[in-house]
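Read the structure below first, then the notes.
The values are calculated or read from the model by the stated rules, or taken from the named source; none is laboratory data. A quick note: this is a predicted structure, and the numbers were derived from the prediction, not measured. Here the Cβ is made from the backbone with ideal geometry for all residues, glycine too, and neighbour counts use every protein chain on show. Surface areas here come from the heavy atoms of the whole protein model, side chains and all, with no ligands, DNA or RNA. Shrake-Rupley method; radii C 1.70, N 1.55, O 1.52, S 1.80 Å.
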Amino acid sequence: DLALGLLANLVSVFEEVIGEKIIEKERFPLLSAWMQEFAEVSIIKETWPPREKLVTKFLAMREPYLAAAKPK
């Protein structure tokens, strides 16, 4: 669980940043259930970085790539 635990947090952050679903509950019901269950463990919730800070960080990291990809 710990090896993939970061996935449970970052997938939803990345989904918000890119505006697309990465892991759909319908296609991956067991993985989705595991991610939700893992995220609800109190010690895990308490130690994850604040979600909004992660979203802000990854949005800022994404901007230069989007700007470079725009046609000139």
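Quick notes on this structure:
- Top-ranked residue in region 1-11 [being in contact (Cβ under 8 Å) with a residue 24 or more places away in the chain and not in a loop (DSSP other than H, G, I, E, B); ranked as most open to solvent (accessible area, probe 1.4 Å)]: LEU7
- Checking each residue in region 36-48 for being surrounded by fewer than 11 Cβ atoms within 10 Å (Cβ to Cβ) and either closer than 12 Å to ASN9 by Cα or among the charged types (D, E, K, R) (or both) picks out GLU40, GLU46, THR47.
- Selection of region 25-50 for residues being out of contact with any Ser or Thr (no Cβ under 8 Å at 6 or more places or on another chain) and in a loop (DSSP other than H, G, I, E, B) yields GLU26, ARG27, PHE28, GLU40, VAL41, TRP48, PRO49, PRO50.
- Applying a threshold of 8 Å to beta carbon distances and a minimum spacing of six or more residues, or different chains, the list of pairs starting in region 21-35 at a residue that is open to solvent by 80 Å² or more (accessible area, probe 1.4 Å) and ending at one that is in a helix (DSSP H, G or I) and among the polar types (S, T, N, Q) reads LYS25/SER32.
- Test result for GLU63, assigned to a helix (DSSP H, G or I) and open to solvent by 60 Å² or more (accessible area, probe 1.4 Å): yes
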